[in-house]
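All of the numbers you see were taken from the coordinates with simple rules; none came from a lab. Given the structure is predicted, the values throughout are model-derived calculations rather than measurements. Because the Cβ atoms are built from the backbone with ideal geometry, glycine has one as well, and the counts that use them run over all protein chains shown.
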Amino acid sequence: MYKETQDILDAYGNHPSFVMMTSGNEPLRRNHKPYLRKYVDHFRKVDNRRLYTGAADRPYLDNLDYYNNSYARIQRWGEGENSIINKRPQTDFDFNYFTDTIPMPYVSHEIGQWCAYPNFKEIPKYTGVLKPKNFEIFKETLEDNHMGQLSDSLMLASGKLQALCYKADIEAALRTKGFGGFHLLDLHDFPGQGTALIGVLDAFWDEKGYISPEEYSRFCNETVPLARLKKRVFFNTENLEAAIEVAHFGELPLKDAITSWRLTNVSGKVIEEGDFKKRDIPLDNGISLGKIDVNLNQIETPQKLILTVSVGDFSNSWDVWVYPFVKKQIDKTQFKVVNALDEATISYLKNGGKVLLTTKKGSVKAEKGGEVAVGFSSIFWNTAWTLGEKPHTLGVLCNPSHSALTEFPTEYHSNWQWWDAMSHSNAIILDEFSPDLKPVVRVIDDWFTNRRLALVFEVKIGEGKLLVSGVDLISDIEDIVEAQQLLYSLKKYIASDAFNPSVELEIESIVNLYK
């Protein structure tokens, strides 16, 4: 190791970008601490033009120029559904509580590791000695389960969620005052270790189509505006409040920087906007620009709004959702909402009734979907290596124009308003049913299993109609804005003429899904 390090210093020591040096990655042996302490002392004397640490992600030693470890990231090993990103959506957290205890610069290790579904259009690129046999198997099993036509949609929808996760990870680092930097794992996919599709670029460093360099550089750049939001989903009786700051690590301080903000709808119409005081911005982060406080009572329909902050030529944005507190009345005599199928409900269905079945998380049998670990975030690294690391799914795929979602505006993919639904739900496996049974809202499965997973689906039962929700929309939703809104949207759909399932099942097949 000493010889190889010396060879590296001799060969590359004068390169201007060679400013940090480490022995390697993740050591964990009996004598690694005393060995690496001597290693750092030795090479600092040999060549003191750069910063030295013992190794990436451990150990902490008192003679390091900077400390690198994997604590300060929004998903740590073993946290699963209890990680920061799988808690209620907000952008107000940082890692100061940890980094303030480290008496040297801190660099986070291997943040990210968020997966997207395979891009099968990548297969023809393998023209050399490597062959994408893994992708060929994944493609074959997807087709065997009657979803081959969805491959592009699965990749794009999961990719949108992946990009959202990376944005959350990187912004958390940039909000942490005095943060030394982060190691991203990775910008492109890693074909090894069981297939780790953790890049917004493919293994050939090409774009996949769901995020552009321009979009990515809004939250990962030399200058990044940041907003601290305590929540992202609101009733229109509330105020949207945000503390605005900036992280700036450009070549020079910004002089007389013009900073502004605006809140718009998805069509670009300005709801409200304003300017902050012109000011000089030093090389630093955690620089406060001001606060925003917008009364949302002018928003009369459920919709997504976009908060955009600009600092000079740099801008960044965050999606928020606003729902009416008072909703139009729905004739509840036209349907029933239940959390179990008792004999009375089954009789009501068979005789032409309309029912919304919404069950508690954990109520689905393991083999029917109960064992599928559903959560908001994407798969972390992959499940071939880390099956115990949850979630095991890749977000939702849906048709935004479906009548069931009219009052719950959405894109075709997961966004933050789906957090509650994905955090309090069962996925339901539809593999035993006809391929004609297509979910209203689909959960994207792990590419190793490629099951047909539903979050919401509809069927005919005798003379009646049944809408099945894997999301718990009954228990403790008094303070959950998005759950109330999704329930309202599904109720309105059931009460309408648009609710007309085409696939018929026997009631026993539905009852058999549950414990």
**OP:** Just the number, please: Stokes-Einstein D of region 258-398 in µm²/s, Kirkwood Rh from C-alpha pairs, 25 °C, 0.890 mPa s.
**Re:** 118 µm²/s
**OP:** Using every pair of alpha-carbon atoms in region 350-412, split the distances into 5 Å bins beginning at 0 and state the percent of pairs per bin, rounded to integers.
**Re:** 4, 13, 14, 17, 20, 16, 9, 4, 2, 1
Subject >> Inverse mean reciprocal Cα-Cα distance (Kirkwood Rh) of region 223-323, Å >> reply: 14.0 Å
**OP:** Considering the convex hull of the alpha carbon atoms of region 1-57, report its projected area averaged over all viewing directions, in nm², one decimal.
**Re:** 3.8 nm²
Original post:
If you average the sequence gap of Cα pairs under 8 Å that are 6 or more apart and divide by the length of region 223-323, what percent do you get for the contact order?
Top reply: 37 percent
Original post:
For the peptides 400-413, 380-393, what is the packing order when you average, over each peptide's residues, the other Cβ atoms within 10 Å and list the highest mean first?
Top reply: 380-393, 400-413
**OP:** Round to the nearest 0.05 the FRET efficiency obtained for T406 and I306 when R0 = 22 Å and r is the Cβ-Cβ distance.
**Re:** 0.60
Original post:
Once label points are set 7 Å from the Cα along Cα→Cβ at both A344 and E251, what is their separation, rounded to one decimal in nm?
Top reply: 7.6 nm
**OP:** Could I have the simple spin-label model distance between I258 and F98, label points 7 Å from Cα toward Cβ, reported in nm to one decimal?
**Re:** 4.0 nm
**OP:** For K38 and E463, compute 0.36 nm times the residue count separating them, minus their Cα-Cα distance, and round to one decimal in nm.
**Re:** 145.1 nm
Subject >> Alpha-carbon gyration tensor eigenvalues x 5, square-rooted, for the chain, Å >> reply: 45, 30, 19
Original post:
Which distance in Å, rounded to a whole number, links the C-alpha centroids of region 89-130 and region 322-373?
Top reply: 38 Å
**OP:** Set the Förster distance to 25 Å, then compute FRET efficiency between L505 and E140 from the Cβ-Cβ distance, nearest 0.05.
**Re:** 0.35
Original post:
Computed from the mean reciprocal separation of all distinct C-alpha pairs, what Kirkwood hydrodynamic radius does region 151-242 have, in Å?
Top reply: 15.2 Å
Subject >> Segment N48-D497, extension gain: residue separation times 0.36 nm, minus the distance between their alpha carbons >> reply: 154.1 nm
Original post:
Which loop trypsin sites (Lys or Arg not before Pro) in region 455-491, with loop taken from DSSP, have no more than 16 other Cβ atoms within 10 angstrom of their Cβ?
Top reply: none
**OP:** Once you've got the Cα coordinates, tell me which of K87/K160; K336/K361; K87/K139; K139/K160 are over 27 Å apart.
**Re:** K87/K139
**OP:** Give me the percent of DSSP beta bridges within the chain that run antiparallel, rounded to the nearest 5.
**Re:** 70 percent
**OP:** Rounded to whole Hz and in sequence order, give me ³J(HN,Hα) for region 42-51 from the Karplus expression 6.51 cos²θ - 1.76 cosθ + 1.60, θ = phi - 60°, writing x for Gly and Pro.
**Re:** 5, 7, 5, 6, 5, 8, 9, 7, 9, 9
Subject >> Estimated 222 nm signal from helices in the chain, with DSSP H stretches of n ≥ 4 weighted -39500 (n - 2.57), rounded to 500 >> reply: -6000 deg cm²/dmol
Original post:
Is the shape of region 53-152 rounded, prolate or oblate, going by the alpha carbon gyration tensor and its root eigenvalues a ≥ b ≥ c, with a/c under 1.5 for rounded and a/b larger than b/c for prolate?
Top reply: oblate
Original post:
If you average 1/r over all unlike Cα pairs in region 332-511 and invert the result, what Kirkwood radius do you get in angstrom?
Top reply: 16.5 Å
Original post:
Under the definition of Cα pairs under 8 Å and six or more residues apart, what whole-number percent is the relative contact order of region 58-216?
Top reply: 28 percent
Original post:
By how many nm would the segment from E222 to R29 lengthen if fully extended, with 0.36 nm per residue of separation less the alpha-carbon distance?
Top reply: 65.7 nm
Original post:
Taking θ as phi - 60°, what are the ³J(HN,Hα) couplings along region 239-253 by the Karplus curve (6.51, -1.76, 1.60), each to the nearest whole Hz, with x for Gly and Pro?
Top reply: 10, 8, 10, 8, 9, 9, 9, 9, 10, 10, 10, x, 5, 9, x
Subject >> Mean separation of Cα contacts under 8 Å, 6 or more apart, over the residue count of region 360-515: relative contact order % >> reply: 26 percent
Subject >> Table column - 3J(HN,Hα) (Hz), region 139-155, Karplus curve with 6.51, -1.76, 1.60, x for Gly and Pro >> reply: 5, 5, 5, 5, 5, 4, 9, 6, 10, x, 5, 9, 4, 5, 5, 5, 5
Original post:
Amide H to amide H, which residues 5 or more places from Y323 or on other chains are under 5 Å from it, using H placed in the peptide plane?
Top reply: F234, F235, N236
Original post:
At a Förster radius of 30 Å, what calculated FRET efficiency corresponds to the Cβ-Cβ distance of N14 and N63, to the nearest 0.05?
Top reply: 0.75
Original post:
Given region 58-216, what whole percent of its Cα pairs are spread farther than 30 Å?
Top reply: 27 percent
**OP:** Can you spot the lysines whose alpha carbon is less than 20 Å from K291's alpha carbon? Ignore those fewer than 8 places along the same chain.
**Re:** K177, K230, K231, K277, K278
